[in-house]
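Dumping the structure here so I can ask a few things about it.
The values are calculated or read from the model by the stated rules, or taken from the named source; none is laboratory data. Bear in mind that the values here come from a model prediction, so they are computed numbers and not experimental data. Counting neighbours? That spans all protein chains shown, and the Cβs are built from the backbone with ideal geometry, glycine included. SASA here: full protein model, heavy atoms, side chains in, ligands and nucleic acids out. Shrake-Rupley method; radii C 1.70, N 1.55, O 1.52, S 1.80 Å.
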Amino acid sequence: MNTSSMPDIVFAVLFFFIITTTLRSETLMVRMKLPTASEIQKLEKKSLVTYINIGPPLDARLGTGTQMQLNDRFAQVTDIQNYIAQEKASMNEADQPLMTVSIKADENTRMQYITDVKQALRQAYALKISYSARKGEN
Amino acid sequence: MPKSDRKVPALNASSMADVSFLLLCYFLMVSSMDVDSGLARRLPPPPQNEQEQSSVDVQRRNLLVVLVNAQNEILLQDQQGTVMYANENELQDGSGNLAMKDVVKEFVLNTSNSPDLPQLIEEDFGPPIGTVPVTSNHVISIQNDATTRYSAYIAVQNEVVRAYNELRNEGARRYFGTSYEELTIDQKEQIDKLYPQRISEAEPKNYGGGE
């Protein structure tokens with residue numbers, strides 16, 4: 001059997017994956033089951049999206065209270081403003097007004113926490129947000 | 001010495017496939033194909049001073065209050081009346097009362113020109129649509145308690161967005177003869193202007209009942 005074209009094919013597939021891949025940049029430290037929604041929209045450009053993860057910590061020793069993870073560490077609501085400023089600064093100037101903040105919160109989170117986060121985002125002028133959700137029936 | 005006598009030594013490339021397979025496997029493992037999706041919203045800019053915060057004035061008939069309380073019960077209230085849902089699962093069939101999206105749609109459209117529903121104002125939307133009366137001043141205010149569950153809040157947001165999406169789809173069918181998805185960007189803008197999403201997310205209040 002002539003297998004001389006196999007490397008070519010494999011390379012083609014390889015390049016496809018290299019181009020489409022976005023490396024998992026952060027490891028989740030909070031447990032979250034996203035709420036379900038039916039009218040969700042996809043977030044188009046990943047480079048414009050900043051994530052805020054909210055939920056109980058994965059590590060049981062840290063308790064079951066709601067925690068927030070920004071980048072790779074736990075943070076307080078008061079840290080959001082700095083975080084957003086940092087993320088904005090690392091962006092292309094033309095892209096800055098298009099920045100979207102994706103709030104990925106566990107479905108059992110109390111709204112008090114979400115509201116505090118929203119108020120902090122308003123103060124930081126990150127006004128485009130997205131409530132991250134799973135595609136569901138409801 | 002004639003050139004044709006030289007021969008290029010054959011390179012053993014049989015391991016190339018193995019190497020590229022390894023690379024391929026690596027990228028297969030680390031790539032995350034899942035795209036994040038969610039309900040897009042726009043927050044209002046922060047209030048410049050205390051006065052501005054209370055200066056927004058909305059006529060009572062133009063306002064639909066959606067209240068999600070600490071027990072995750074949902075209350076819809078406009079000047080016409082009040083609809084109550086015991087939990088987020090009842091939003092669609094309603095168990096006796098209208099589904100929430102239909103209440104929202106009726107509120108936004110005000111087909112019967114009722115004085116208890118938002119004021120109809122004639123506006124021009126360009127060629128295929130023309131001048132039609134719309135409730136351009138309506139506001140849907142979503143309020144929640146401090147201990148409301150996030151999933152109930154999202155379910156309510158979802159129903160409101162669903163109502164708007166259905167309205168836009170109906171508008172697209174009526175004026176352009178296709179679904180909203182298939183419209184051009186300009187046509188979509190026209191329809192969006194016809195049915196603008198006017199959702200207000202109010203500051204939280206503690207209505208009690210929570211811990």
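Work through the residues other than residue B:84 whose Cβ is under 10 Å from its Cβ and net out their charges, Lys, Arg +1 and Asp, Glu -1. Please list the in-between numbers first.
Values: positive: none; negative: B:73, B:90.
Local net charge: -2.
Taking Cα atoms, how many degrees apart are the long axis of helix A:6-20 and the longest axis of chain A, rounded to 10 and kept between 0 and 90?
The helix A:6-20 is inclined about 20 degrees to chain A.
In addition: Tilt of helix B:150-176 relative to the longest C-alpha principal axis of chain B, in degrees (0 to 90, nearest 10)?
90 degrees
Let me ask something else about it. For the stretch A:25-135, what does the accessible surface come to per residue with a 1.4 Å probe? Please give it in Å². Present the calculation step by step, with values, prior to reporting the outcome.
On the way: 5690 Å² over 111 residues.
Roughly 51 Å² per residue, with all protein chains present.
Between residue A:46 and residue B:25, what FRET efficiency comes out of the Förster formula 1/(1 + (r/R0)^6) with R0 = 30 Å and r the beta carbon distance, rounded to 0.05? It would help to have the intermediate numbers written out before the result.
Details: r = 23 Å, r/R0 = 0.78.
Once the sixth-power term is evaluated, E becomes 0.80.
Right, next: Averaging sequence separations of C-alpha pairs under 8 Å and six or more residues apart, then dividing by the length of chain A, give the relative contact order as a whole percent. Could you put the intermediate results ahead of the total?
Working: 183 pairs, mean separation 43.9, N = 138.
Reported relative contact order: 32 percent.
Here's a follow-up. Quick one: ranking B:186, B:36 by accessible area, 1.4 Å probe, largest first, what do you get? Walk me through the numbers before you get to the answer.
Working: B:186 110, B:36 15 Å².
Ranking B:186, B:36 by accessible area, largest first, yields B:186, B:36.
Using 7 Å Cα-to-Cβ label points, what is the residue A:119/residue B:193 separation (nm, one decimal)?
If labels sit at residue A:119 and residue B:193, their model points lie 3.8 nm apart.
Run the paramagnetic zone check for residue B:65: 7 angstrom along Cα to Cβ, then residues of the stretch B:138-153 with backbone nitrogen under 20 Å.
Under 20 Å, as judged by backbone N against the label point of residue B:65, lie B:138-149, B:153 of the stretch B:138-153.
Across peptide A:95-107, what mean number of C-beta atoms from other chains lies inside 10 Å of a residue's C-beta?
Details: counts 0, 0, 0, 0, 0, 3, 1, 4, 4, 2, 4, 3, 7.
Mean partner shielding for this stretch: 2.
Follow-up question, since we're still on this one. Using modelled backbone amide H atoms (1.01 Å from N, in-plane), which distant-in-sequence or interchain residues come within less than 5 Å of residue A:105's amide H?
Amide H neighbours of residue A:105, under 5 Å, 5+ apart: A:54, A:132.
Still on this structure: So how far apart, in nm, are the two label points at residue B:123 and residue A:62 if each is 7 Å from Cα heading toward Cβ?
Label-label distance for residue B:123 and residue A:62, simple model: 4.6 nm.
Next question. Given the pairs A:88/A:118; A:118/B:101; A:45/B:105, which are separated by over 29 angstrom at their Cα positions?
Details: A:88/A:118 17 Å; A:118/B:101 25 Å; A:45/B:105 32 Å.
A:45/B:105, as the Cα separations exceed 29 Å there.
Modelling each spin label as a point 7 Å along the Cα-to-Cβ direction, I'd like the residue A:18/residue A:6 distance in nm, to one decimal.
For residue A:18 paired with residue A:6, the spin-label model returns 2.1 nm.
Quick check: with the 1.4 Å probe, what order do A:31, B:162, B:60, A:61 take by accessible area, largest first?
On the way: A:31 125, B:162 35, B:60 100, A:61 210 Å².
Per-residue accessible area, sorted high to low, gives A:61, A:31, B:60, B:162.
Please work out how much accessible surface residue B:176 shows to a 1.4 Å probe, ignoring ligands, DNA and RNA, in Å² rounded to 10.
Estimated to the nearest 10 Å², residue B:176 gives 50 Å².
Return the FRET efficiency for the residue pair residue A:72, residue B:200: r is the Cβ-Cβ distance, R0 is 41 Å, and the value is rounded to the nearest 0.05. Please list the in-between numbers first.
Numbers: r = 35 Å, r/R0 = 0.86.
Rounded to the nearest 0.05, the efficiency is 0.70.
Taking accessible area as the heavy-atom solvent-accessible surface of the protein chains with a 1.4 Å probe, which residues of the stretch B:141-172 lose no less than 50 Å² upon going from the isolated chain to the full protein assembly?
Buried by the other chains: B:146, B:149, B:150, B:154, B:158.
Let me ask another. When DSSP assigns beta bridges and you keep just the ones with both residues in the protein assembly as shown, what percent turn out antiparallel, to the nearest 5? Could the numbers behind the result be given before it?
Numbers: 29 of 49 bridges.
Approximately 60 percent, going by the DSSP bridge assignments.
Hey, if we sort B:170, B:122 by accessible area with the 1.4 Å probe, largest down, what's the order? Could the numbers behind the result be given before it?
Details: B:170 80, B:122 125 Å².
Descending accessible area places them as B:122, B:170.
Kindly provide the helix-only [θ] at 222 nm of chain B, computed as the sum of -39,500 (n - 2.57) over DSSP H runs of four or more divided by all residues, to the nearest 500 deg cm²/dmol? Intermediate results must be reported in sequence, preceding the final value.
Values: 5 runs with 66 residues, N = 211.
So the helix-based figure for chain B works out to -10000 deg cm²/dmol.
Here is a further query. What number, in percent, do you get for the relative contact order of the stretch B:57-200 if the mean sequence gap of Cα pairs under 8 Å and at least 6 apart is divided by its residue count? It would help to have the intermediate numbers written out before the result.
Working: 218 pairs, mean separation 36.7, N = 144.
Reported relative contact order: 25 percent.
For the A and B pair, go ahead and give the buried accessible area with a 1.4 Å probe, both sides summed, in Å² to 100.
Numbers: alone 10140 and 14310 Å², together 19740 Å².
What A and B bury together is about 4700 Å².
Return the FRET efficiency for the residue pair residue B:42, residue B:93: r is the Cβ-Cβ distance, R0 is 30 Å, and the value is rounded to the nearest 0.05.
On the way: r = 31 Å, r/R0 = 1.02.
Efficiency for this residue pair is about 0.45.
Same structure again: Pick from B:110, B:69, B:97: which residue has the top mean-square fluctuation in a GNM of chain B where Cα pairs under 10 Å get a spring?
Top of the fluctuation ranking is B:97.
While we're on this one: Over the stretch A:1-79, what is the relative contact order in whole percent, taking alpha-carbon pairs under 8 Å and six or more residues apart?
Values: 62 pairs, mean separation 20.4, N = 79.
It rounds to 26 percent for the stretch A:1-79.
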